[in-house]
Amino acid sequence: MKRIIIDKSLCMGCLNCTIACMSEHSSGSKSIYELDLEDAANEGRNHITLDQCNKPTPIFCRHCDDPECVTACMTGAMTKNADTGKVSYDEEHCAACFMCVMSCPYGVLKPSSQKDKKVIRCDYCQDREIPRCVENCPTEAIKFVEVDK
Amino acid sequence: MLNKHCGVCPSADTTLQGFIASLDVETAHHRVKNQRVKCGFGLQGVCCRLCSNGPCRITPEAPQGVCGANADTIVARNFLRAVAAGAGCYVHVLENAAQTLKELSLQKGKFKGEAVLNRLADMFGIDEPDMHQKGVLVATKILEDLYKPRAAKMELVEKLAYKPRFDLWKELGILPGGAKSEVFDGIVKTSTNLSSDPVNMLFHCLTLGIVTGLYGLTLTNLVNDVMLGEPAIRIAPVGFRVIDEGYINIMLTGHQHAIFAHLQDCLIEEGISARAQAVGAKGFRLIGCTCVGQDLQLRGTHYQDVFAGHAGNNFTSEAVIATGGVDLILSEFNCTLPGIESIADKMQVKMICLDDMAKKANADLLAYSFKDREENSERVICEAIESYQQRRKQINVCIPKEHGHDDCVTGLSEMSLKGFLGGSWQPLIDLIVKGKIKGLAGVVGCSNLTAKGHDVFTVELTKELIKRNILVLSAGCSSGGLENVGLMSPGAAKLAGNELREVCESLGIPPVLNFGPCLAIGRLEIIATEVAEVLGVDLPALPLVLSAPQWLEEQALADGSFGLALGLPLHLAQPPFMTGSKLVADVLTEQLLNITGGQIIIEDDVVKAADKLEAIIGQKRTALGLT
């Protein structure tokens, strides 16, 4: 299975991964030129924060082996695929209790800023071969690589 | 770096910080945290978006843009573009000032600083008995230089520059042609697939530095002195305490004092107060903000009846409006933050913009024109009265009157300081020779919110320098920060080292001298030049350093280029988007020492920066044979 591996030392904090994610998950066009950067509905599933030394630090969903978000989910909206390793989220089954948000050890899951009571989380860009954030990282600080199960 | 005022960036001015934290409007101080993640390519100056193959960024895997431009070319191109834009801003300011002087002279108007007109005429070699004709000739001479083609060198450079510098500039081939053409060609040179030579572009920056310094700074000061009066040293109040809610308050932002000349005169005319009193106010007051406020403060002796005082610098302006005490904002140039718009709307403050260069989205444009000055000033007065009447019933006024100081020493200029010293620089030179004053530091330029916070680096560095007996001279938004924390009040002498403290206390002066707006960096150059002349040395030999610790804008980079052309060490807390190019960084921080004598020193630690500046002053003292 493939995972996003982060090399923090290469991250320059350009936020290209974030805007790529926003663009990929935007309800309209997937073109970066048409991404509305003032529309709060366009939300990134990843973010860059700064550590104690002001070093940019990418925060990405790990699609954990033993995902706390899945354990915490009471409706079964959050599931782990044993074959692909991917954690999926089914909006239809979500009760918006946000226990997944509270239990994520990386602080990467978040409630939608909109009033639709959904959870915003990484989906590895659904059918894309390489997630768009990885594709748009100019320093290869994030890579999509095959890892052992 | 958040502190007890959660969500607001730190400010050296803790009263201001507390006030901003208590506001229910958003300011730049609030927005810093959401902009704290920066683009690394941008910070290093290696992002190029000059063509549709881009934006290209330089990485180890991609050392060239699609076109083949490497980091050196990209950084130098971006840097020259910024310097050209900054120089252009200052040239615009001088163009308006000189044009106003010309029209005022043709109308046989009143000069409040005739001595300065004579000084300019003598400098330019103009022999004309009639003062108004003299004004026309001086202004024309300046304008003619600005409009020359690049191939024709500007004539006044030789008359304004210190001879050893002029000779060096000539030898280096960096004497400027027409100012506007130099700016124009700086833009052309850096366009898509034109110059790729980083050294040639950096030399163009030096040329633009000369344009900025001698013309944009020095001549703008002097032309304004002719029309608006010479600075005179006096004690003045600063900070929010200058705002008296009993008056109809007009806040000024920008850099063009000349544009306000007529309005100022209208507001001290007899009978004008009656118009304010008719709507329940005590009269009219001008509230200084940003550099043009510093200009008014500098020349405040001529307008004491209407000028309330300087409230604060660029990043104080939002809070000034949020007090509710301002009824009208008149803006004409930069440091008029877009962020003031929403606050002005909320506080129902009318905004009028007098120059479309700085047109604010929600302001009425009332383009300045000398011809229409009567009509325009009347419109401003009517709008101020109307705004006062409409808003005061609905808006709460809350002015932190404890903010600021009543005893700021202001009005310093090359003439007023020399006058204070008895008409000669010898007393200052003697103090330096004796070691009572170890050296001089020009702490100048802007304020930003990122070098440790609002004015934090500027204030901390200044305290470090005076502690080491280095006299600090300030011009720009830096002085706005320094005055509001009390460093420009005589009581600040106790923060200085023993030797400097003794000097300050015996003269009754603060250890940080307030020259006012960024334009007054030109006045510091005149002082440096005159002192160097007395000593018979070139500028780089002086125990004088510059720091623009919290530089913000492109204009600051143009000012900085002037400092480099003068051969002076220039400290910056944050690099000017140049570190991505080893060549550009090497030229600006090392190689220039052997070319003009100047260098940029990048240091983001206050104490280390002071150590470096003190060490340079020490070396220069030793070279001059001083202990």
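The values are calculated or read from the model by the stated rules, or taken from the named source; none is laboratory data. Fair warning: this is a prediction, and the values are worked out from it, not measured in the lab. Backbone-built Cβ (ideal geometry, glycine too); neighbour counts: all protein chains shown. Heavy atoms of the whole protein, side chains included, go into the accessibility calculation; ligands, DNA and RNA do not. Shrake-Rupley method; radii C 1.70, N 1.55, O 1.52, S 1.80 Å.
Candidates are the residues of segment B:244-298 that are on the phi < 0 side of the Ramachandran plot and among the polar types (S, T, N, Q); the one that is farthest from the chain's Cα centre (by Cα) is B:Gln277.
When segment B:47-61 is filtered for residues that are closer than 21 Å to A:Tyr33 by Cα, in contact (Cβ under 8 Å) with a residue 12 or more places away in the chain and more than 8 Å from every other protein chain (Cβ to nearest Cβ), the ones remaining, listed by number, are B:Cys47, B:Cys48, B:Leu50, B:Cys51, B:Asn53, B:Gly54, B:Cys56. Give segment B:258-278 a look and list any residue that's surrounded by 24 or more Cβ atoms within 10 Å (Cβ to Cβ) and over 17 Å from B:Ala367 (Cβ atoms), or say none. Of everything in segment B:258-278, just one residue is surrounded by 24 or more Cβ atoms within 10 Å (Cβ to Cβ) and over 17 Å from B:Ala367 (Cβ atoms), namely B:Leu267.
Reported count of residues in segment A:135-144, each being at pLDDT below 95 and not polar (S, T, N, Q), is 4. From the list A:Asp90, A:Asp51, A:Asp39, A:Asp66, the lone residue that is within 14 Å of chain B (Cβ to nearest Cβ), among the acidic types (Asp, Glu) and more than 14 Å from the chain's Cα centre (by Cα) is A:Asp51. Kindly indicate whether any position in segment A:69-76 is under 16 Å from the mean Cα position of the chain (by Cα), surrounded by 13 or more Cβ atoms within 10 Å (Cβ to Cβ) and not hydrophobic (A, V, I, L, M, F, W, C). No, segment A:69-76 has no match at all. Suppose we keep only residues that are more than 14 Å from chain B (Cβ to nearest Cβ) and of a type in the set (Lys, Arg) within segment A:120-145. Which one would you say is nearest to A:Leu15 (Cα to Cα)? Among those that are more than 14 Å from chain B (Cβ to nearest Cβ) and of a type in the set (Lys, Arg), it is A:Arg132.
Of all the numbered requirements in (1) surrounded by 13 or more Cβ atoms within 10 Å (Cβ to Cβ); (2) in the same structural domain as A:Lys30 (by TED's automatic domain parsing); (3) more than 14 Å from the chain's Cα centre (by Cα); (4) not polar (S, T, N, Q), A:Ile130 misses one, and that requirement is (3).
When the criteria are applied in full, A:Thr57 meets the requirement of being among the polar types (S, T, N, Q) and within 17 Å of A:Val134 (Cα to Cα). The lone criterion from (1) open to solvent by less than 10 Å² (accessible area, probe 1.4 Å); (2) under 14 Å from the mean Cα position of the chain (by Cα) left unmet by B:Ile521 is number (1).
How many of the residues in segment B:62-75 are assigned to a loop (DSSP other than H, G, I, E, B), open to solvent by 20 Å² or more (accessible area, probe 1.4 Å) and either within 12 Å of chain A (Cβ to nearest Cβ) or of a type in the set (Gly, Ala, Ser) (or both)?
1
State all residues of segment B:387-445 that are open to solvent by less than 50 Å² (accessible area, probe 1.4 Å), within 30 Å of B:Ile617 (Cα to Cα) and of a type in the set (S, T, N, Q); if no residue qualifies, say none. Within segment B:387-445, B:Thr410, B:Ser413, B:Ser416, B:Ser424 qualify. Selection of strands (runs of 3 or more DSSP E) fully inside segment B:327-446 by the criterion of at least 2 residues being of a type in the set (Asp, Glu) returns B:405-410. If you filter segment B:578-595 down to residues that are out of contact with any helix residue (DSSP H, G or I) (no Cβ under 6 Å at 6 or more places or on another chain) and not in a helix (DSSP H, G or I), you find that the one that is nearest to B:Asn78 (Cα to Cα) is B:Glu590.
Annotation: A:Ile4 fulfils all but one of (1) more than 18 Å from A:Phe144 (Cα to Cα); (2) more than 13 Å from chain B (Cβ to nearest Cβ); the unmet one is (1). Among the residues of segment A:99-119, those identified as part of a loop (DSSP other than H, G, I, E, B) and either within 14 Å of chain B (Cβ to nearest Cβ) or over 23 Å from A:Ile48 (Cβ atoms) (or both) are A:Ser113, A:Lys115, A:Asp116, A:Lys117.
Within segment B:298-326, being open to solvent by 10 Å² or more (accessible area, probe 1.4 Å), among the small types (Gly, Ala, Ser) and in a strand (DSSP E or B) holds for one residue alone: B:Ala308. All told, B:Val409 meets the bar of being closer than 24 Å to B:His255 by Cβ and assigned by TED's automatic domain parsing to the domain that holds B:Ser478. Please pick out the residue among A:Met12, A:Met74 that is of a type in the set (A, V, I, L, M) and within 14 Å of another protein chain (Cβ to nearest Cβ). Sole residue among the options that is of a type in the set (A, V, I, L, M) and within 14 Å of another protein chain (Cβ to nearest Cβ): A:Met12.
When segment A:1-52 is examined, which residues are found to be open to solvent by 40 Å² or more (accessible area, probe 1.4 Å) and of a type in the set (Lys, Arg)? Of everything in segment A:1-52, those that are open to solvent by 40 Å² or more (accessible area, probe 1.4 Å) and of a type in the set (Lys, Arg) turn out to be A:Lys2, A:Lys8, A:Lys30, A:Arg45.
Would segment A:22-35 turn up any residue that is away from chain B (no Cβ under 12 Å), under 16 Å from A:Ser112 (Cα atoms) and free of Cβ contacts under 8 Å to residues at least 12 places away in the same chain? For segment A:22-35, residues away from chain B (no Cβ under 12 Å), under 16 Å from A:Ser112 (Cα atoms) and free of Cβ contacts under 8 Å to residues at least 12 places away in the same chain: absent.
Of everything in segment B:22-38 that is part of a loop (DSSP other than H, G, I, E, B) and within 14 Å of chain A (Cβ to nearest Cβ), the residue that is most open to solvent (accessible area, probe 1.4 Å) is B:Arg36. Of all residues in segment B:92-108, exactly one satisfies the criterion of being among the charged types (D, E, K, R) and either assigned by TED's automatic domain parsing to the domain that holds B:Gln555 or not in a helix (DSSP H, G or I) (or both), namely B:Lys108.
Is it true that some residue in segment B:546-555 is hydroxyl-bearing (Ser, Thr, Tyr) and touching a Gly at 6+ places or on another chain (Cβ under 6 Å)?
No, the conditions are met nowhere in segment B:546-555.
Taking the listed residues B:Phe79, B:Phe19, B:Phe41, the one that is in contact (Cβ under 8 Å) with a residue 12 or more places away in the chain, within 14 Å of chain A (Cβ to nearest Cβ) and not in a loop (DSSP other than H, G, I, E, B) is B:Phe41, with no other qualifying. From the list B:Leu539, B:Leu544, the lone residue that is in contact with a helix residue (DSSP H, G or I) (Cβ under 7 Å, 6 or more places away or on another chain), within 16 Å of B:Ile616 (Cβ to Cβ) and open to solvent by 10 Å² or more (accessible area, probe 1.4 Å) is B:Leu544. Among the residues of segment B:44-56, those identified as over 26 Å from the mean Cα position of the chain (by Cα) and assigned to a loop (DSSP other than H, G, I, E, B) are B:Val46, B:Arg49, B:Leu50, B:Cys51, B:Ser52, B:Asn53, B:Gly54, B:Pro55. Checked against (1) crowded, with 20+ Cβ neighbours inside 10 Å; (2) hydrophobic (A, V, I, L, M, F, W, C); (3) more than 16 Å from A:Arg132 (Cβ to Cβ); (4) more than 14 Å from chain B (Cβ to nearest Cβ), A:Ala82 passes all but condition (1).
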